[in-house]
Amino acid sequence: MATNPPKLKTAITANERLQNLKNTFETKYGESPLFYACAPGRVNLIGEHIDYCGYSVLPMAIEQSIIAAVSVNSSGTIQLANTNPQYKDFTVSCLEDIAIDRDNPKWHYYFLCGVKGIQEKFGIAHLSGMLCVVDGTIPPSSGLSSSSALVCCAGLVTTEANQKSLSKVALAEICAKCERYIGTEGGGMDQSISFLAERGTAKLIEFQPLRATDVKLPDGAVFVISNCCVEMNKAASSHFNIRVVECRIATKMLAQARGLDSSRLLKLAEVQTALKASLEEMLALVDEVLHPEPYSREEICKVLGITSEQFSTELLSANTQHVTHFKLHQRAKHVYGEAARVLQFKTVCDSEPAESIRLLGDLMNQSHASCRDLYECSCTELDQLVDICLKSGAVGSRLTGAGWGGCAVSMVPSERVESFLQAVREAYYLPDPRRATMEKKSLFVSKPGGGAAVFLEE
């Protein structure tokens, strides 16, 4: 696999989307773009909410993406515009510190996360000025990584505009880190697959060090994405970061129970490594050490031997200071179980047994049940949609992405795809007038797409 994102010479006139973007850019700014940058969204096939705990995940890039058209100048400003009129223009000085308002997660702040990440990586005092028009085809707040794709696109744009060079791995790591400027404490899956994806294959993404391994999906089945049409913005709510915090506290409690130095451990995977234990042994340890009833702040502080102030500053994030009770047993149980399912999923894909489609479907169904019951990151509409997908012919169906809304991904035998799409359309979308208007962009077959790239006009 090439180390850096590719730079591709492209006939813009042969690509309707790029041609439309070029026309919009020229109409707005009165000049032509110098280059284009693209970063895809992703669908996570299995491995939900475990990347930030240090565990491997199994996503693939999708064809929907963020594309930016860019020209470079010495104006000292970055001017941002979006082809979607609901996202307003924004201009920022690049001669002073770029401020990102995490209490107000507007689209341009995600872009500026990527800009700031590259600026800090290279210590660039004065960034190149840019004119930029962004076009997105990933449904927002749908669990398909529209926000991270925007950050990745901006990171790639800023690297190219300032004539720097970075590997895909370095870009993924920088973009994962800098997205935290907007307040989301993610684990790096979304940025990693956006840069490391390759057409035709899913990837097992492992962390520390970051690496991606091809996973050949079985012949005879396709993956269908369906949006439940409930939006969930990770940065605008605390659901996501509460789960990150609960896993962090569970890490400390398990470490403490086994005589490890809990002050040095932050991720559930680190406890497993330190104990040289299997995932099955970690699941048994969770049952032994953590009670199913929610933990109060006082109980956690007592067990860990820390003050209430230390609890707030060292364990909580800015938007989780209000939380009083924490479900540690359920969250840790999900993480260790889901980590095992990811490895089982890859083993089935690699060994290609005769019943591989059924086995993978079973793992997806177990994953959804764990997300729903233990991690509590589903919602009524998602559960209803998953149920409809299974009744309509899917062998496996589960929420994908952070949850609390967004999309389900279903594994459907190839010969059933048309009847599946029709059945889901009739059962979930058409009875609801609002969903019916969104159906065409909400239900689609997805094939593994390629990673982020720069395009230059031929």
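Accessible-area rank, largest first, for Arg358, Arg42, Arg425, Arg211: Arg358, Arg211, Arg425, Arg42, with all protein chains present and a 1.4 angstrom probe.
Only Lys, Arg, Asp and Glu carry charge here, each on its Cβ (+1 for the first two, -1 for the last two); on that basis segment 84-241 has a dipole of about 200 debye about its Cα centre.
Shape class for the chain: oblate, because the ratio a/c of the largest to smallest gyration tensor axis (alpha-carbon atoms, square roots of eigenvalues) is 1.5 or more and b/c is at least a/b.
The phi-based Karplus calculation (6.51 cos²θ - 1.76 cosθ + 1.60; θ = phi - 60°) puts the 3J(HN,Hα) values of segment 205-211 at 9, 10, 10, 6, x, 5, 8 Hz, whole numbers, x for Gly and Pro. Our coupling estimate for segment 441-458, obtained by passing each phi through the Karplus curve with A = 6.51, B = -1.76, C = 1.60 and θ = phi - 60°, is 9, 9, 9, 7, 6, 10, 10, x, x, x, x, 4, 7, 9, 10, 10, 6, 5 Hz, Gly and Pro reported as x. Would you please classify the overall shape of segment 276-430 from the alpha carbon gyration tensor, given that a ≥ b ≥ c denote the square roots of the eigenvalues, rounded means a/c under 1.5, and beyond that prolate means a/b larger than b/c while oblate covers the rest? It comes out oblate by the Cα gyration axes. Simple point charges give the picture: +1 on the Cβ of Lys and Arg, -1 on the Cβ of Asp and Glu, and for the chain a dipole about the Cα centre of about 400 debye. The overall shape of segment 214-323 is oblate: from the C-alpha gyration tensor, with semi-axes ordered a ≥ b ≥ c, the ratio a/c is 1.5 or greater and a/b is no larger than b/c. Taking every protein chain into account, the 1.4 Å probe leaves Arg17 with about 60 Å² of accessible area, to the nearest ten.
Mean residue ellipticity, 222 nm, helices only, the chain: the sum of -39500 (n - 2.57) across DSSP H runs of n ≥ 4, divided by residue count and rounded to 500, is -12500 deg cm²/dmol. Taking 23 Å as the limit for the C-alpha separation, the pairs Lys121/Lys168; Lys28/Lys440; Lys88/Lys168; Lys177/Lys267; Lys106/Lys177 exceed it in the case of Lys28/Lys440; Lys88/Lys168. Electrostatic tally near Arg398: other residues with Cβ closer than 14 Å to its Cβ, Lys and Arg +1, Asp and Glu -1, net -4. Within the accessible area of the chain, the carbon and sulfur atoms contribute 50%, probe 1.4 Å, all protein chains present.
Each residue of segment 298-311 is assigned a 3J(HN,Hα), and the resulting list reads 4, 5, 4, 4, 5, 5, 7, x, 10, 7, 4, 5, 4, 4 Hz, derived from the Karplus form 6.51 cos²θ - 1.76 cosθ + 1.60 (θ = phi - 60°), x at Gly and Pro. Solvent-accessible surface of the chain, averaged per residue with a 1.4 angstrom probe and all protein chains in place: 40 square angstrom.
Quick one: which residues, 5+ away or cross-chain, put their amide H under 5 Å from the amide H of Leu45? H built at 1.01 Å from N. Sorted by chain and number, the residues that satisfy this are Leu58, Met60. Note on exposure: Glu270, Glu120, Glu31 ranked by accessible area (1.4 Å probe, complete protein assembly) read Glu120, Glu31, Glu270, with the most exposed listed first. Ranking Ser392, Ser414 by solvent-accessible area of protein heavy atoms (1.4 Å probe, all protein chains present), from largest to smallest, gives Ser414, Ser392. With a cut-off of 9 Å between beta carbons, the residues surrounding Thr137 carry a summed charge of 0, where Lys and Arg count +1 and Asp and Glu -1. In the chain, taking the dipole from charged Cβ atoms about the Cα centre, the farthest positive-side position among Leu316, Leu150, Ala402 is held by Leu150.
Per-residue SASA remark: Thr307, around 70 Å² accessible (1.4 Å probe; ligands, DNA and RNA not included). So what's the net charge close to Thr27: Lys and Arg +1, Asp and Glu -1, counting the other residues with Cβ under 14 Å from its Cβ? Cβ neighbours under 14 Å give a net charge of -2. Think of segment 73-114 as a dipole: +1 on every Lys or Arg Cβ, -1 on every Asp or Glu Cβ, centred on the Cα centre; then among Thr83, Asn73, Tyr109, Thr83 lies furthest on the positive end.
The values are calculated or read from the model by the stated rules, or taken from the named source; none is laboratory data. Worth saying up front: this structure is predicted, and the values here are computed from it rather than measured. Ideal geometry is used to build each Cβ from the backbone, glycine not excepted, and the neighbour counts take in all protein chains shown. Accessible surface is based on the protein model in full, side chains and every heavy atom, while ligands, DNA and RNA are left aside. Shrake-Rupley method; radii C 1.70, N 1.55, O 1.52, S 1.80 Å.
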